[in-house]
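Report on the structure given below.
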Amino acid sequence: MINGYDGLIYSIGFLVGWPIITFLLAEKLRNLGKFTFADVAAYRFRQGPIRAFAASGTLVVVLFYLIAQMVGAGQLIKLLFGLEYWVAVVLVGVLMMVYVLFGGMTATTWVQIIKAGLLLFGASFMAIMVLAQYGFSPEKLFAAAVQVKTDAAIAAGKDAVQASTIGQAIMGPGNFIKDPISAISFGMALMFGTAGLPHILMRFFTVPDAKEARKSVFWATTWIGYFYILTFIIVAFATILAVVAGLTLSGTSAVSHDLYSTLIKKGEASNEEVMRVSRTTTLILGVVAVLLGIIFEKQNIAFMVSLAFAIAASANFPVLFLSILWKGCTTRGATIGGFLGLIVALLLTLLSPSVWEATLGNPAGSAPFPYASAALFSMPLAFIAIWFFSITDKSPRAEIDRAGFEAQSVRSETGVGAEAASAH
């Protein structure tokens, strides 16, 4: 809020992504998938290339998201218990590895249920208490916020006119996202990236049937919307440790299920082998998360999350969307288009001011890519590449891919065969 009301794009952008999932993806994902979003994308395509892409996209998104979560959790533990930052990050990493290793999806689910209850209760309590201080008048609350900002500017040596301008600025847009292209790109990343996050997509495979998948998204949207309304009042975001476990599970599944079991072992890996790879991956991801959390200590965690959303919107979402809804999509188109979206989004993110200047320490204004988010450029590129490389694909495999659409469509809409696949 200190940078103006355009900061609320976080609330609006994230929230708008959920109806997209509800109406376009939820039921289809549940009917088509078994463990990961790669199961859905690879339903009618050649397994090797599409799973290699899906695992790559998942791991890149997971790493960016883990940075933000580990930094936020580390800062929170540091604040609450007075520990050194690096000690707090290590503790969070160890705790996450323990309950993912020994509790798996069940433990992670219960942690998320508990944290959701605590979050909603805590945010409601804070909002009520804050409003109570101002006679439950939002107008008085915002006037007080302007005055606090104005007083802080005066204390910093600004004259009365400058201080008043700074104070009023928090009630208007333009200080957080300063140009229209960044605003559009940022909004696209938050909106479509939500529908491409692997740890969210993974949740659709844990509900009993497609009806429950749709219902779960409806209730999630309701409570998420309620929480974001509260941010108008408390102007604060809670960083939730449970997300770390969900991210770790999705990254682990990408390696153990998509890469090891399906690609390397051609579906012939034993349960013991898959579990061993899964546990090893969990430990590696935990160590990587701790190291990245320490390296990125000073970063704006909300903005780091948005970078993960930009990559998810540019890589995972176009492949998922077109593989489910377009008959003409082929293995070649999905793989090349998906990888192009992933590589371009990652490259532009690294060249953006948030990484090039803020993280790598280069001079202000030197970032080769000047905008806040890559999604406006990388996401359309992915869609166009998938379309182009699919329609120009005349290989025998392409005919198999297109012919498989009807069977995929029937299963995605009716669920016929989904229960047998889940049981298997």
Please determine whether any residue of the range 127-139 is among the acidic types (Asp, Glu), part of a helix (DSSP H, G or I) and free of Cβ contacts under 8 Å to residues at least 24 places away in the same chain. yes
Would you confirm whether or not the range 344-359 contains a residue that is within 30 Å of residue 396 (Cα to Cα), touching a residue at least 12 places away in the same chain (Cβ under 8 Å) and touching a helix residue (DSSP H, G or I) at 6+ places or on another chain (Cβ under 6 Å)? yes
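With modelled with pLDDT under 80, more than 23 Å from residue 64 (Cβ to Cβ) and touching a helix residue (DSSP H, G or I) at 6+ places or on another chain (Cβ under 9 Å) as the only criterion, which of 266, 327, 298 stands out?
266
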Return the residue satisfying two criteria in turn: it lies in the range 19-68 and is modelled with pLDDT of 80 or more and polar (S, T, N, Q), and of such residues it is nearest to residue 196 (Cα to Cα). 58
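Going by the conditions given, is residue 322 in a helix (DSSP H, G or I) and either of a type in the set (Gly, Ala, Ser) or out of contact with any Phe, Trp or Tyr (no Cβ under 8 Å at 6 or more places or on another chain) (or both)?
No: the conditions fail for residue 322.
Out of the residues in the range 27-78 that are open to solvent by 20 Å² or more (accessible area, probe 1.4 Å) and small (Gly, Ala, Ser), which is nearest to residue 314 (Cα to Cα)?
Start the filter on the range 27-78 by keeping residues that are open to solvent by 20 Å² or more (accessible area, probe 1.4 Å), which leaves 27-28, 34-35, 43, 46-49, 52, 56, 59-60, 63-65, 75-78.
The next check asks that each one be small (Gly, Ala, Ser); those that pass are 48, 52, 56.
Values: 48: 21, 52: 16, 56: 13 Å.
Only one residue fits best here, namely 56.
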Residue selected from the range 408-424 under the condition within 17 Å of residue 334 (Cβ to Cβ) and small (Gly, Ala, Ser), by the criterion modelled with the highest pLDDT: 409
Can you find even one residue in the range 22-32 that is within 19 Å of residue 281 (Cβ to Cβ) and in contact (Cβ under 8 Å) with a residue 12 or more places away in the chain? no
Of the residues 296, 303, 309, which single one is open to solvent by less than 20 Å² (accessible area, probe 1.4 Å), among the aromatic types (Phe, Trp, Tyr) and farther than 29 Å from residue 395 by Cα? 309
Against the conditions (1) open to solvent by 70 Å² or more (accessible area, probe 1.4 Å); (2) under 30 Å from residue 212 (Cβ atoms), where does residue 399 fall short? Just the number, please. (2)
Working only within the range 331-379, note down all residues that are out of contact with any Asp or Glu (no Cβ under 7 Å at 6 or more places or on another chain), closer than 28 Å to residue 44 by Cα and β-branched (Val, Ile, Thr). 335, 336, 343, 344
Looking at the structure I just gave you, is residue 252 of a type in the set (Ser, Thr, Tyr), more than 25 Å from residue 354 (Cβ to Cβ), open to solvent by less than 10 Å² (accessible area, probe 1.4 Å) and modelled with pLDDT under 80? yes
Only one of (1) open to solvent by 20 Å² or more (accessible area, probe 1.4 Å); (2) touching a residue at least 40 places away in the same chain (Cβ under 8 Å); (3) not aliphatic (A, V, I, L, M) is not met by residue 82, so which one is it? (2)
So for the range 342-363 (the condition being open to solvent by less than 30 Å² (accessible area, probe 1.4 Å), at pLDDT 90 or above and out of contact with any Phe, Trp or Tyr (no Cβ under 7 Å at 6 or more places or on another chain)), does at least one residue qualify? yes
It is to be established whether one or more residues within the range 192-210 are part of a helix (DSSP H, G or I) and either without any contact (Cβ under 8 Å) to a residue 12 or more places away in the chain or touching an Asp or Glu at 6+ places or on another chain (Cβ under 6 Å) (or both). yes
State whether one or more residues within the range 121-133 are under 27 Å from residue 204 (Cβ atoms) and touching a helix residue (DSSP H, G or I) at 6+ places or on another chain (Cβ under 8 Å). yes
Of those in the range 135-164 that are open to solvent by 80 Å² or more (accessible area, probe 1.4 Å) and either touching a Phe, Trp or Tyr at 6+ places or on another chain (Cβ under 9 Å) or within 25 Å of residue 303 (Cα to Cα) (or both), the residue modelled with the lowest pLDDT is 148
Do you know which residues across the range 165-200 are open to solvent by 60 Å² or more (accessible area, probe 1.4 Å), touching a Gly at 6+ places or on another chain (Cβ under 6 Å) and among the polar types (S, T, N, Q)? 175
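The values are calculated or read from the model by the stated rules, or taken from the named source; none is laboratory data. Computed from a predicted structure; not experimentally measured. Note that each Cβ is placed from the backbone with ideal geometry, even for glycine, and that neighbours are counted across all protein chains shown. Side chains included, ligands, DNA and RNA excluded: accessible areas come from the protein's heavy atoms. Shrake-Rupley method; radii C 1.70, N 1.55, O 1.52, S 1.80 Å.
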